[in-house]
Amino acid sequence: NSDPRLGGALAPGNVVAVFGTGLASQTASPGVVPLPTSFNGTQVIVGGIEAPLYFLSPGQLNVQIPYELAPFSRYQVVAIVNNAVSSPQAIDLVGQVPGITAFSDGRLIAQHADYSLVSASSPAKPGEILVMYLAGMGFTNIPVRSGALSPATTVSVPAAVTVDGI
């Protein structure tokens, strides 16, 4: 999710971090697409739908909120680890949560045309085309299955990027 705050807005398709204890038996990442909904004895169920898993550790899970859920609704979330079920937690979904991916210190992840990172030692130049990653734009003109690679699609809400207000 582009909004890393506890309690930040969530939307179908967002990748979110779930924190707790005993969430997985070991640190692992499935590393396959489509993403599995069960891995190393861990599952997360959101609104009755199995959520795709990106990353697992005993203290954190990164999962995708299923696209199949309707926005502007409340859902229960449970984690299942080696057949033990967590207490349900409620989440409210909105339609979209747009944001550009960033490093943990808040710097945007931007790349030059050769995919090298923009940095203090390799700054962007006026007029240069950069690659940035936008997520959380909501539904697309071609439905995307949870955990699957996205085909070439168009989002329902157009995006605009400004730099220093321009």
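The values are calculated or read from the model by the stated rules, or taken from the named source; none is laboratory data. Because the structure is predicted, anything quoted here is derived from the model rather than measured. Neighbour counts run over all protein chains shown; Cβ positions are idealised from the backbone, glycine included. We work out accessible area using only protein heavy atoms, side chains counted, and drop any ligands, DNA or RNA first. Shrake-Rupley method; radii C 1.70, N 1.55, O 1.52, S 1.80 Å.
For region 117-142, a tally of residues being part of a loop (DSSP other than H, G, I, E, B) and modelled with pLDDT under 80 returns 6.
When each of 105, 114, 92 is tested for being at pLDDT 95 or above and exposed (fewer than 13 other Cβ atoms within 10 Å of the Cβ), the lone residue that passes is 114. For region 16-30, a residue qualifies if it is under 27 Å from residue 73 (Cα atoms) and either part of a strand (DSSP E or B) or in contact with a Lys or Arg (Cβ under 8 Å, 6 or more places away or on another chain) (or both), and the qualifying residues are 16, 17, 18, 19. Residue check: is residue 12 at pLDDT below 95, part of a loop (DSSP other than H, G, I, E, B) and surrounded by 17 or more Cβ atoms within 10 Å (Cβ to Cβ)? When the stated conditions are applied, residue 12 passes them.
Annotation note: of 30, 66, the sole residue that is in contact with a strand residue (DSSP E or B) (Cβ under 7 Å, 6 or more places away or on another chain), under 17 Å from residue 136 (Cβ atoms) and not hydroxyl-bearing (Ser, Thr, Tyr) is 66.
Would you tally the residues in region 79-110 being outside any loop (DSSP other than H, G, I, E, B) and touching a Pro at 6+ places or on another chain (Cβ under 8 Å)?
Number of matching residues: 1.
Per this entry, residue 33 is not counted among residues that are open to solvent by less than 70 Å² (accessible area, probe 1.4 Å), closer than 22 Å to residue 147 by Cβ and either part of a loop (DSSP other than H, G, I, E, B) or at pLDDT 90 or above (or both). Residues in region 46-77 that are without any contact (Cβ under 8 Å) to a residue 40 or more places away in the chain, part of a strand (DSSP E or B) and open to solvent by 30 Å² or more (accessible area, probe 1.4 Å): 50, 54, 55, 74, 75, 76.
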